[in-house]
Amino acid sequence: KIGDGAFMDCRFSSIKIPHSVIQLDGNPFAGCMDLEEIDVSENPHFVYVDGVLTDSEMEWIYWCAPSKSGDYSIPSTVNTICNGAFYGSSLSSIAIPDSVYHIGDKAFAYCESLKSITIPGKLKVMGINLLAYCGKLSEIRIVGESLNFKVVDDVLFNKDMTRLVLCSCEKSGTYVIP
């Protein structure tokens, strides 16, 4: 078992997870900006495909390589995105499917190239500082009926609008908080 944040901010370029590791408690590699490769070739419990580390059933996303760029659609098998999973990635857009109901703290923090994100309406848990320091973020969309969140003029609120969750950094001029 490897604990959440166990290798936080490490400077490894690669790491091998041996077959003896059967569980990750969240994302052990948060903030590892030099990490580019995770070898799980001898471990049946995890999958590393195209720069993304998941469990073998692809239900949990633990980590994404910071160098991963372009548009990314999270697989429809995923239900949980761990704390800091996409921290610092170079993605420009992310589409999150309806299967995801939990997104951890700082899951997309410091994604400085991120321009748009699509959040499922069925999302139940949204961590704090989810999109912190995403300076180019200009579009936040919720797909489907949401029981918990609402987007008004690219500003994300809780459903009854008593909590402002996130305002797009691209907004300028004057903004009146409802």
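The values are calculated or read from the model by the stated rules, or taken from the named source; none is laboratory data. These numbers were taken from a predicted model, which means no experiment stands behind them. Cβ sites come from the backbone with ideal geometry, for glycine too, and all protein chains shown count toward neighbours. Side chains included, ligands, DNA and RNA excluded: accessible areas come from the protein's heavy atoms. Shrake-Rupley method; radii C 1.70, N 1.55, O 1.52, S 1.80 Å.
Things worth noting here:
- Of the trypsin sites (Lys or Arg not before Pro) found in segment 6-99, the ones in coil according to DSSP and having at most 12 other Cβ atoms within 10 Å of their Cβ are Arg11.
- Calculated over segment 90-169, the projected area of the Cα convex hull averaged across directions stands at 4.5 nm².
- Accessible area of the chain divided out per residue, in Å², using a probe of 1.4 angstrom: 50 Å²
- Sorted into 10 angstrom bins from 0, the C-alpha pair distances of the chain split as 10, 39, 33, 14, 3, 0 percent.
- Unit charges at the beta carbon, dipole of segment 1-108: most positive-side option, Ile17, Ala95, Val47: Ile17
- Counting only DSSP beta bridges with both residues in segment 1-156, the antiparallel share comes to about 30 percent.
- Over segment 1-141, Cα pairs under 8 Å with separation of 6+ residues give a relative contact order of 16 percent.
- The peptide list 137-148, 18-29, put in order of mean Cβ contacts within 10 Å with the highest first, becomes 18-29, 137-148.
- Segment Ser90-Ala132, length gained on full extension (0.36 nm per residue, minus Cα span): 13.7 nm
- Segment 1-47 and segment 117-158 have their alpha-carbon centroids 28 Å apart.
- Relative contact order, whole percent, for segment 15-68 stands at 34, derived from Cα pairs under 8 Å and 6 or more residues apart.
- Too-long pairs where the Cα-Cα distance tops 19 Å, listed order kept, from Lys106/Lys159; Lys68/Lys106; Lys115/Lys159; Lys122/Lys150; Lys68/Lys171; Lys136/Lys159: Lys106/Lys159; Lys115/Lys159; Lys68/Lys171; Lys136/Lys159
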